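Only one structure is covered here, and it is reproduced in the block below.
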Amino acid sequence: MKVAFSNRFVRQYGKLPAAFQARFDKQLGFLLSNFRHPSLRAKKYDEAANIRQARVCDQYGFYFQIHGDTYRIPSITSHPK
């Protein structure tokens with residue numbers, strides 16, 4: 001599988017503290033090797049739009065879509081408190 005990041009994601013990722021960037025990078029590795037890895041807690045977010053959600057940590061999650069052999073990641077967001 002390959003990964004493609006949106007411009008929005010790149011901006012959001014750039015604003016994250018280094019510790020959260022490192023956590024995302026680790027979770028991305030899990031996504032690329034095993035979509036069903038338990039720490040991702042991946043689930044369908046919007047089935048009609050083919051959007052899924054996965055967890056980075058307790059504070060952050062990210063959205064992704066599967067298009068052929070590519071994961072498209074449009075955004076990373078903080079979880080509401």
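Out of everything in the stretch 39-81 that is among the small types (Gly, Ala, Ser) and in a strand (DSSP E or B), what residue ends up being most open to solvent (accessible area, probe 1.4 Å)? Even if it seems obvious, please write down each step before you answer.
Within the stretch 39-81, the first condition is being among the small types (Gly, Ala, Ser), and the residues that meet it are 39, 42, 48-49, 54, 61, 68, 75, 78.
Narrowing further to those that are in a strand (DSSP E or B): 54, 61, 75, 78.
Details: Ala54: 4, Gly61: 3, Ser75: 8, Ser78: 73 Å².
Among residues in the stretch 39-81 that are among the small types (Gly, Ala, Ser) and in a strand (DSSP E or B), the one most open to solvent (accessible area, probe 1.4 Å) is Ser78.
Entry remark, the stretch 25-38: residues being among the hydrophobic types (A, V, I, L, M, F, W, C) and not in a helix (DSSP H, G or I) number 1 in total.
Of everything in the stretch 25-38, what is out of contact with any helix residue (DSSP H, G or I) (no Cβ under 8 Å at 6 or more places or on another chain) and either open to solvent by 60 Å² or more (accessible area, probe 1.4 Å) or more than 15 Å from Phe9 (Cβ to Cβ) (or both)? Give them in sequence order.
Passing the criteria: Asp25, Lys26, Gly29, Leu32, Ser33, Asn34, Phe35, Arg36, Pro38.
In this entry, Val10 is excluded by the filter for residues that are of a type in the set (Val, Ile, Thr) and in a strand (DSSP E or B). State whether the residues of the stretch 13-24 include one that is more than 17 Å from Ser78 (Cα to Cα), open to solvent by less than 40 Å² (accessible area, probe 1.4 Å) and not in a strand (DSSP E or B). No, the stretch 13-24 contains no residue that is more than 17 Å from Ser78 (Cα to Cα), open to solvent by less than 40 Å² (accessible area, probe 1.4 Å) and not in a strand (DSSP E or B).
The values are calculated or read from the model by the stated rules, or taken from the named source; none is laboratory data. The shown structure was predicted, so the numbers you read here are calculated from the model rather than taken from an experiment. Counting neighbours? That spans all protein chains shown, and the Cβs are built from the backbone with ideal geometry, glycine included. Quick note on the areas: whole protein, heavy atoms, side chains included, nothing else; ligands and nucleic acids left out. Shrake-Rupley method; radii C 1.70, N 1.55, O 1.52, S 1.80 Å.
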